[in-house]
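All of the numbers you see were taken from the coordinates with simple rules; none came from a lab. Nothing here was measured: the structure is a model prediction, and the numbers come from that model. Virtual Cβ from ideal backbone geometry, glycine too; neighbours counted across all protein chains shown.
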Amino acid sequence: MSFTPKYTSFAFAYDEMMQNVDYVRWADYIDRLFALYNYRPKRLLNIACGTGSIDILLANKGYDMSGIDLAFEMLLWAKKKANARNINLNLWQQDMRQLTVAKPFDAALCLYDSINYIVTEEDLKLVFDNVYDALVPEGMVIFDVTTEYNIVKHFHRQTFAENYDRFSYIWKNIYINRDKLCKTVLTFFLKDDDHYQKYDELHIQKIYSVDQVKNLLNDAGFKMLSAFETFSFDKWRKTSERINFTAVKKHEKTL
């Protein structure tokens, strides 16, 4: 089976498929996390920004939003949505493992388990190094990860399928415990006049423990401030389905 790049055929269908995601709640949570640590950033970088739903909401809250994504097609939709609302988003295509910025940001975000798409510790350390370099001194990074509990409970050996007016999809999942990898094959049938085009995408996500994340953050020069049950200020639990991390850039990296 040959696969198209991730989030390419998926791009135009993404928002319709993700209607259940409460982006308003997520944007409010980001706002509350900054307030919790008495931090008032202005310029935010959203890493793996997708179709820009969070960016638009945060821009409406007064933040100066920039975003990167590996999938150019997702960025096209983000720009289209922002333009329709007269919102200025600074967007560019970039792999987070190769992140570079012209001017440091006050804070960085990486949401909706985008970090889990980084499937080796070496690459995750590289991402954290890049984010460190992209932030002002004492800048903050907020990101989340999906958990093994969530994957095993809701996705392992599960198949989902749904029909929409413009497309249909089949979503098959398998979790490989030995490697801590969840492999997902998304098959799309996109309507084109009187017929359908078939596309397959392979998505692989790595499960990381809190200790792994904390150690990699520390090695990159960050101090982890919290690991919360997402949308709360409660400490994560073994039954957490998503864990939200907040970290601050230290003055010096650990050698």
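A few remarks follow.
- For region 150-205, fraction of C-alpha pairs farther apart than 12 Å, in %: 66 percent
- Size descriptor, Kirkwood hydrodynamic radius, that averages inverse alpha-carbon separations across region 128-255, Å: 17.1 Å
- Exposure proxy shown here: for Ser114, Ser168, Ser2, the number of other Cβ atoms within 10 Å sets the order, fewest to most, as Ser2, Ser168, Ser114.
- Protection proxy ranking of 146-155, 92-101, 49-58 - average other beta-carbon atoms within 10 Å, highest first: 49-58, 146-155, 92-101
- Per-residue Cβ neighbour rank within 10 angstrom, fewest leading, Glu241, Glu122: Glu122, Glu241
- Applying 1/(1 + (r/R0)^6) with r as the Cβ-Cβ distance of Ala102 and Glu122 and R0 = 25 angstrom yields a FRET efficiency of 0.45.
- Here the Kirkwood formula, the inverse mean of 1/r across different C-alpha pairs, assigns the chain a hydrodynamic radius of 18.9 Å.
- Equivalent ellipsoid semi-axes, region 14-135, via Cα gyration tensor eigenvalues times 5, rooted, Å: 21, 18, 15
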